[in-house]
Amino acid sequence: MILEKNSSDVESNSDLEKLNPEAKAIVTHFSSNQDLRKKNPYRKPYESLGLKSNEVPKPKKPSTFKFIDLFAGIGGFRTALQNLDGRCMFTSEWDLNAKKSYYNNYGEYPFGDITKPEVKSYIPEGFDALCAGFPCQPFSKGGYRNGFEDTRGTLFFDICEIVQKHQPKYLLLENVANMVTHDKGNTYKVILKSLDELGYYFPDEPLLLSPDAFGVPILRPRIFIPCVRKDVANGNIDKIKQFKNEIAPRFISRMQAVDDILNPDLPADLPEYEERVLGMWDAFYKGIDLKVIGFPIWMEFFKYEGALDEFPLWKAKFIQKNIDLYNRNKEFIDSWLFEYDNLEWCIKTHRKMEWQAGKDISSVFEGLIQFRPSGVRVKRPNRFSTLVAMNHQQIIGKYRRRITIDESKKLQSFPDDFKLSSTKGIALKQLGNSVNVKVVETIFDVILKNFA
Ligand SMILES: C[S@@+](CC[C@H](N)C(=O)[O-])C[C@H]1O[C@@H](n2cnc3c(N)ncnc32)[C@H](O)[C@@H]1O
């Protein structure tokens with residue numbers, strides 16, 4: 001059953017909404033490739049739906065290569081490769097919110113679950129690059145003996161199957177930074193062994209890149225595995241094996257200022273409780289005799305008199321430092337405790353503070369702040385930490401508000417007019433899952449310059 005409701009015409013979004021997800025993907029992939037006329041790879045499945053399309057195809061920029069976007073999310077890879085004049089021929093993503101955002105930005109509904117043979121059957125012939133930021137799963141131990149056949153049952157296996165069938169010239173895989181150590185290194189080893197077996201070269205050393213290396217003020221290291229098919233790389237093997245040397249000249253030492261990202265006109269909106277916690281730690285920092293605090297402040301241990309040897313050594317050291325700090329600053333800290341009602345109103349984790357700003361700032365309100373399970377963390381205001389779910393987002397001290405979706409979008413290097421879910425929590429998750437566009441664009445540009 002292709003049509004969920006009676007519909008014989010696709011004229012507008014509302015008509016599209018009547019279709020089931022697979023039909024939506026077929027119709028939109030067909031529409032956006034109409035300029036290919038007889039060569040439109042979606043013509044057959046589209047015609048078998050028995051629909052008439054009145055959609056006018058968007059004029060396409062001339063493209064210099066074709067790619068497919070797997071585990072597409074909101075299309076960080078797609079934006080990056082389109083910026084390099086690539087043309088996306090197929091997309092897969094099963095999350096409904098991501099599909100919607102993807103459609104709103106690129107005019108195509110992604111196909112669904114990539115593990116399904118029907119979904120894979122829509123992948124057209126003749127694309128040059130495959131992109132995938134796939135979820136990390138453990139493989140059976142010793143999977144590197146038989147190569148990718150041993151990865152069966154994982155999403156990486158599905159990637160391998162597609163690679164084996166289509167043999168694109170380039171692959172660009174992405175994953176979280178700790179993939180290299182995941183499952184005691186087995187996961188990464190199996191992936192590389194499989195890629196080698198499939199006929200690709202990749203960097204000898206794990207390629208860990210963060211947007212701040214390219215001037216974007218956010219620390220978000222990710223593992224990238226750029227691969228080039230062996231026959232394409234031949235003669236230039238070192239340029240892929242020593243990829244770090246190729247990309248290093250693109251590193252930018254001068255970072256974009258955080259103030260270029262932030263909107264100075266937005267109102268402060270911290271809840272009264274958070275204002276009070278921050279005001280309390282600000283007063284504390286200004287009152288004590290240390291400017292560079294090299295250990296976590298744990299208020300509960302200021303007056304600790306018990307034995308320290310019942311704690312692990314690292315913790316005993318920190319407790320001792322808190323006791324010493326208290327003893328040196330007894331008069332001030334006692335009056336501070338009195339002023340702030342002994343912190344009894346304050347939830348337990350907020351009675352701890354981690355100062356990670358050296359002496360670069362002289363007030364909590366000059367820093368970037370996060371309410372974390374480990375305490376209230378204050379950092380230098382020159383670089384954001386990785387994007388996180390709601391409420392853990394960083395607070396811009398001087399503006400007394402959390403970073404917004406639009407600002408987070410800039411940190412992921414998406415264009416300002418990029419459309420995300422209108423639900424804040426979902427939009428944040430979408431950005432948090434995504435790749436940074438600038439990092440991907442730079443990596444792929446290096447591949448093209450060396451191997452196209
Ligand atoms: C880490 S995110 C990748 C985000 C993407 N690189 C971006 O720029 O937004 C992984 C994505 O894979 C999708 N996914 C997981 N399993 C899938 C499957 N079997 N078929 C299709 N998509 C899948 C998830 O919904 C998620 O959006």
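The values are calculated or read from the model by the stated rules, or taken from the named source; none is laboratory data. Quick caveat, the model's predicted, so the values are computed rather than measured. Cβ coordinates were reconstructed from backbone atoms using ideal geometry, including for glycine residues, and neighbour counts include every protein chain displayed.
When we screen D113, D69 for residues that are assigned to a strand (DSSP E or B) and within 13 Å of the ligand (Cβ to nearest atom), the only hit is D69. Any residue at all in segment 140-163 that's crowded, with 19+ Cβ neighbours inside 10 Å, within 25 Å of R220 (Cα to Cα) and within 16 Å of the ligand (Cβ to nearest atom)? Yes: one or more hits. If only residues of segment 266-300 that are of a type in the set (V, I, T) and surrounded by fewer than 18 Cβ atoms within 10 Å (Cβ to Cβ) are counted, the one that is nearest to the chain's Cα centre (by Cα) is V292. Screening segment 165-265 for strands (runs of 3 or more DSSP E) wholly inside it with 2 or more residues that are within 16 Å of the ligand (Cβ to nearest atom) and crowded, with 19+ Cβ neighbours inside 10 Å returns the ranges 170-176, 222-229. State the number of residues belonging to segment 301-316 that are surrounded by fewer than 13 Cβ atoms within 10 Å (Cβ to Cβ) and closer than 20 Å to W355 by Cα. Adding up the residues that qualify gives 1. Annotation: P135 fulfils all but one of (1) within 15 Å of the ligand (Cβ to nearest atom); (2) modelled with pLDDT of 95 or more; (3) not in a strand (DSSP E or B); the unmet one is (2).
Residues are listed down the side, and each one gets a yes or a no for (1) in contact with a Phe, Trp or Tyr (Cβ under 6 Å, 6 or more places away or on another chain); (2) within 22 Å of F318 (Cβ to Cβ); (3) surrounded by fewer than 16 Cβ atoms within 10 Å (Cβ to Cβ); (4) acidic (D, E):
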{"position": "I361", "(1), (2), (3), (4)": "no, no, no, no"}
{"position": "V364", "(1), (2), (3), (4)": "yes, yes, no, no"}
{"position": "R372", "(1), (2), (3), (4)": "no, yes, yes, no"}
{"position": "F384", "(1), (2), (3), (4)": "no, no, no, no"}
{"position": "G397", "(1), (2), (3), (4)": "yes, no, no, no"}
{"position": "P415", "(1), (2), (3), (4)": "no, no, yes, no"}
{"position": "L420", "(1), (2), (3), (4)": "no, no, no, no"}
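Yes or no, residue by residue, for (1) within 10 Å of the ligand (Cβ to nearest atom); (2) of a type in the set (G, A, S):
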position: S63; (1), (2): no, yes
position: K99; (1), (2): yes, no
position: Y102; (1), (2): yes, no
position: P117; (1), (2): no, no
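Residues are listed down the side, and each one gets a yes or a no for (1) among the basic types (K, R); (2) over 25 Å from D15 (Cβ atoms):
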site	(1), (2)
Y46	no, no
L70	no, yes
G73	no, yes
R78	yes, no
L81	no, yes
D85	no, yes
M89	no, no
S101	no, no
F111	no, no
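The condition (being among the acidic types (D, E) and within 15 Å of the ligand (Cβ to nearest atom)) is satisfied by just one residue among E441, E407: E441.
A residue that is assigned to a strand (DSSP E or B) and among the hydroxyl-bearing types (S, T, Y) occurs somewhere in segment 81-95. Comparison of Y285, Y326 shows that the only residue that is touching a residue at least 40 places away in the same chain (Cβ under 8 Å), hydroxyl-bearing (S, T, Y) and either outside the structural domain of I361 (by TED's automatic domain parsing) or touching a helix residue (DSSP H, G or I) at 6+ places or on another chain (Cβ under 8 Å) (or both) is Y285. When we screen L368, L343, L337, L420 for residues that are closer than 30 Å to F65 by Cβ, among the aliphatic types (A, V, I, L, M) and at pLDDT 95 or above, the only hit is L420. Quick check: is even one residue across segment 292-305 among the β-branched types (V, I, T) and touching a strand residue (DSSP E or B) at 6+ places or on another chain (Cβ under 6 Å)? Within segment 292-305, one or more residues are among the β-branched types (V, I, T) and touching a strand residue (DSSP E or B) at 6+ places or on another chain (Cβ under 6 Å).
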